[in-house]
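Reading through the structure tokens given below for one structure.
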Amino acid sequence: MAEKQTTKGAAPCVDACCTIGPGAGPGVSPESLLEEMDRAGVDWAVVHPPDNGYAFENEEGNALTTGAAKRHPDRLIAAVTANPWRPDAWDCLRRGLQAGGRILSFSPGIQGFNPADRRIDSILEKLAGDEPGIPVYIHTGHHSLGAPSQLFLLARRFPEIPFIMGHAGATDYAGDVVPVCRQSPNIYVESSFARPPGFIGRIKAIGWDKGIMGSGYPLNGMMFEWSEMRRLLPADHQKAVLGGNLASLIGGLK
Amino acid sequence: MIIDAHTHWPVGLNSDPEAFLGVLERYGTDMAVVSGWEVFWRPGPVSVSTWNDRLADFCRRSGGRLAPLATFYLADGREAVHEARRCLEELGVRGFKFHPWLQGESIFCETMYDICRLAAEFKAPILFHDGTPAYSMSSQVAVLAGLFPGTPLILGHGGILHFWEEAIETAVRFENILYSLCGQHPWAMQAACNRLPHSRLLWGTDYTGPGGEEFIAYRRGLFDGLALAPDVREAIFSGNPRRIFRLDK
């Protein structure tokens, strides 16, 4: 067995992008995720629903993530979703939040909407009114639907909502990230699939308080992604990027 | 023997091959197949043929460790075909790199078809950037592969992140498609290795020159983590690129 990884300092390590359940990649149970987290020296992980949970089976996907977080309240953080095309999308999301969801997550490429248009606005208006402070994770990088510049327009419409730019526009929108984020104080940037060498350069330009580590497990290897990020990230900023920023965003780890 | 089948070098910025060879040494890479870098933005007033000359000269001074891929601009029409032929016959390039996204050109035109015929004549592969709509989709390369079954066409990124299944399907359907493990996540890389004939696989870093060295370490790490038999790893690292780019000639 590989030696467990550690991070400089005692700050908790939080992985912002892991997926459980059956999907395009290997199916991962919450328990096997925990084993991988132990090997990678990761204390907490945000669990996102699998692709079918984004596209159609929203309740089932949310039950998967909130159920896992309930069973492992000291390790897993649930992200919940609903397809914005559903007339009852907010009701679905509200149920997910009541079941323990702490982050809303949307995948425009899979769910077929453009963050720049108004499809999602009624949901976010309700979120801002009823559940202030809940961050919204948007998967970016998918072509046509999910460009950082589309998130830029959305984030300006909802300056009170913290947004997490999932995957930092990887790969083809990497060059958009810095100019978007320099003008968007409510956008944080998550690293999965953006490759540590490139991601770190962009966070350095935007601000270390905006960087959030995610491995993209299980499509990516958790141990390798964390090992590369720990190796390349300046020691002074490891605490923030490897967990502190996300922990603050969700109101603390509990 | 480790051959990086997908690299770039900014020959306008640094024309000393020793600088590149030093990077290869540092990461344990023996040889590299090299495309230019600045040329993909067509920086004037330097002509495309001058950029191809510079790259070929750069590689010629590497003691056989760097193999050049030339490029062309389809909007140049017949001149592009002449330039491609000149690069093969006079400069000895090992094939072509075409980046439809950066170069801003659709691959469906008579000029590209003529270059495909030319490439088939020389058994020279064309390495495409792929995985990026609207001009650089793996399935578009599949269409080209169907039109020109005798032309070896390389998916430079195997669909990158979002189109990796499309890229594998492309390679499954067309035997003249070669597939580069370069830019995908490891799940997609492993799926390609499991589903495609090993003789059609390459490995590359997409290293783009000074400052990008950590990408070599990262992509080598991804490849090292794949579950591959030693002979398959050896084929991807060495035997396949030697054969596909005719590096022994």
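The range A:187-237 and the range A:109-165 have Cα centres separated by 22 Å. As a proxy for reagent exposure, B:Lys97, B:Lys249 were ordered by neighbouring Cβ count within 10 angstrom, fewest first; the result is B:Lys249, B:Lys97.
Provide the net charge surrounding A:Val47, with neighbours chosen by a C-beta distance below 10 Å and charges set as Lys +1, Arg +1, Asp -1, Glu -1. Around A:Val47, the charge tally is 0.
With a ≥ b ≥ c the root eigenvalues of the C-alpha gyration tensor of chain A, is it rounded (a/c under 1.5), prolate (a/b larger than b/c) or oblate? It comes out oblate by the Cα gyration axes. Taking amide H positions as modeled 1.01 Å from N, with prolines and chain starts lacking one, the residues under 5 Å from B:Leu127 and 5 or more places away or on another chain are B:Phe96, B:Lys97, B:Phe98, B:Ile154. Averaging over all projection directions, the Cα-based convex hull of the range B:3-244 occupies 11.4 nm² in the image plane.
Put simply, the amide H of A:Leu219, placed in the peptide plane, has no neighbours under 5 Å, leaving out anything fewer than 5 places away on its chain. The HN-Hα couplings worked out from phi for the range A:11-16 by the Karplus form 6.51 cos²θ - 1.76 cosθ + 1.60 (θ = phi - 60°) are 5, x, 9, 10, 9, 7 Hz, whole numbers, x standing for Gly and Pro. I want the local charge near A:Ser184. Using Cβ-Cβ distances under 12 Å, sum +1 for each Lys or Arg and -1 for each Asp or Glu among the other residues. Net local charge, A:Ser184 excluded: +3.
Other residues within the sphere of radius under 12 Å centred on the Cβ of B:Leu55, judged by their own Cβ, net out at +2 (K and R +1, D and E -1). Under 5 Å between amide hydrogens, built in the peptide plane, is the criterion, and for A:Tyr137 it picks out A:Leu104, A:Ser105, A:Phe106, A:Ile164 among residues at least 5 positions away or on other chains.
The distance from the alpha carbon centre of the range B:10-28 to that of the range A:239-254 is 41 Å, rounded to a whole number. How about B:Lys123: which aspartates and glutamates have a C-alpha closer than 13 Å to its C-alpha, ignoring those fewer than 8 places off in the same chain? Partners within reach: B:Glu89. Sequentially through the range A:33-42, phi angles give Karplus couplings (6.51, -1.76, 1.60; θ = phi - 60°) of 4, 4, 4, 5, 4, 4, 5, 8, x, 9 Hz, Gly and Pro residues having no value and appearing as x. Computed over the protein assembly as shown, the per-residue total of -39500 (n - 2.57) for DSSP H runs of n ≥ 4 gives a 222 nm mean residue ellipticity of -11500 deg cm²/dmol, rounded to 500. Mind checking the log10 I(q)/I(0) for the protein assembly as shown at q = 0.08, 0.11 Å⁻¹? Debye, one equal scatterer per Cα, no solvent, two decimals. For the requested q values the scattering log ratios are -0.51, -0.92.
Each value in this text was obtained by applying a stated rule to the coordinates, not by laboratory testing. Note that the structure is predicted; figures quoted are calculated from it, not measured. Positions of Cβ are generated from backbone atoms using ideal geometry, with glycine treated the same way; all protein chains shown enter the neighbour counts.
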